[in-house]
Amino acid sequence: MNHLLTVRNLPKPSLEGLLESAKMYKSLIESGRPVPQTEIRTVGLLFFENSTRTRVSFEQAANYLGYRHVNFSGAGSSIKKGESLKDTVLTLRASRLEGVVIRHSASGMYNVVVKYFEGPVLNAGDGRHEHPTQALADALTILEKKGQIEGLKVAIVGDVANSRVARSNIWSLTKLGAEVRIVGPRILMPGHTDKLPVSVYYDVKQGIAGADVVMALRLQTERMDSGLVSLGEYRRLYQINRQTLKVAAPNAIVMHPGPMNRGVEIDDLTADGPQSVIRQQVSNGVFVRMAALSRAFDQEETPS
Ligand code: CP
């Protein structure tokens, strides 16, 4: 059994193994060949926070693998009557679920599931901390578009402080050999950037100059004090659009993990333009989640 909790603690060979596995599943599905069916597993999808992409792609990944899945959200459950996460997890275990995918607004909450569930646990996004399967989808997309990650310049632009996607991508892309820059206003930069393997830019044009990959992040207003950031000012200084992209490498790709605030961190023409790989990121989300689910039930444990 294998958990997938963070990219930070995931050794490079495990990261590469997941990407290879995702490529294999993508090739099978796109060519219409059958996915090898293994033992049927029942997986609980616990989403305590809203999601479209991650939830749907985990469901679709489970469908392709021939697994059963059970959806569980905080709303409508006995959590609303005061039941603890520990008792919820023990209930799921007693109901014979075999694996758990969890999204939670609190960083590190997956540890409660790891402690009491006994089976494999996959982190589908925890607070501001990590979102490992999004980073896998992003790495696969970059590999497909650029052929390699080693040596690429990647600029992650925007609300880095509140972004679990940024954190997982920083660890994943630097392990795979990219040079990662984080770009944004001081107020949206994480504390202790000196402890991250990145360079920090407060000017968007300096930050994305020559970048092979420009990744815009959503302004996560739900995690900010109201009025902290002026949307108009943010748009003027940090929006990814045709003007700002002029300084990136000529064949730069534009990414966004979604959901997008169109017209704020990215404009429509860029989001839907020829450099955008945003829909490919979503498609690849299915294949990396197939890889993560199937690895979860491997007899052989891989370091994680
Ligand atoms: N990127 C991402 O996690 O999107 P959702 O919140 O829609 O799952």
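Divide the volume of the convex hull around the Cα atoms of the stretch 132-277 by the residue count and you get 98 Å³ per residue. Computed extension gain for D203 through I79, at 0.36 nm per residue and net of the alpha carbon distance, reaches 40.2 nm.
Note on D194 and T221: their simple-model spin labels are 3.5 nm apart, each label 7 Å out from Cα toward Cβ. By a 1.4 Å probe calculation restricted to protein chains, M24 has an accessible surface near 80 Å², given to the nearest 10.
Around the amide H of I240, modelled in the peptide plane, lie the amide H atoms of I266, D267, all under 5 Å away and 5 or more residues distant in sequence or on another chain.
In terms of the Cα gyration tensor, with a ≥ b ≥ c the square roots of its eigenvalues, is the stretch 194-253 rounded because a/c is under 1.5, prolate because a/b exceeds b/c, or oblate? Each step should come with its number before you reach the end.
On the way: a/c = 2.25, a/b = 1.44, b/c = 1.56.
Taking the square roots of the gyration eigenvalues as a ≥ b ≥ c, the stretch 194-253 is oblate.
For the pair the stretch 149-211 and the stretch 237-280, the centres of their Cα atoms are 16 angstrom apart. A compact globular protein would have a Cα radius of gyration near 2.2 N^0.38 Å; the ratio found for the stretch 60-198 is 1.24.
Each Cα pair of the chain feeds into the Kirkwood radius, which the Stokes-Einstein equation turns, at 10 °C and 1.306 mPa s, into a diffusion coefficient of 81 µm²/s. Here's how it looks for H69: its modeled amide H is under 5 Å from those of V43, which are all 5 or more places away or on a different chain. Spin-label model, L143/N63: points 7 Å from Cα along the beta carbon direction are separated by 2.5 nm. A 1.4 Å probe run over the protein chains yields, for the chain, 44 Å² of accessible area per residue, whole-number rounding.
Here the chain exposes an accessible surface that is 49 percent carbon and sulfur, computed with a 1.4 Å probe and the other protein chains kept in place. Each principal axis of the Cα cloud of the stretch 1-75 was evaluated for its coordinate range; sorted largest first, these ranges are 38, 31, 23 Å.
Note on the stretch 166-223: Cα Rg divided by 2.2 N^0.38 Å, N the number of residues, gives 1.11.
On a 1.4 Å probe surface of the protein chains, which of H256, H104, H192 comes out largest in accessible area, and what is the full order?
H192, H104, H256
Figure legend: label point modelled 7 angstrom from the Cα of E233 along Cα→Cβ; no residues of the stretch 250-271 have amide N under 16 Å from it.
The values are calculated or read from the model by the stated rules, or taken from the named source; none is laboratory data. The shown structure was predicted, so the numbers you read here are calculated from the model rather than taken from an experiment. Quick reminder, even Gly has a Cβ in these numbers, built from the backbone with ideal geometry, and neighbours come from all protein chains shown. Heads up: the accessible areas ignore ligands, DNA and RNA and are worked out on the full protein's heavy atoms, side chains in. Shrake-Rupley method; radii C 1.70, N 1.55, O 1.52, S 1.80 Å.
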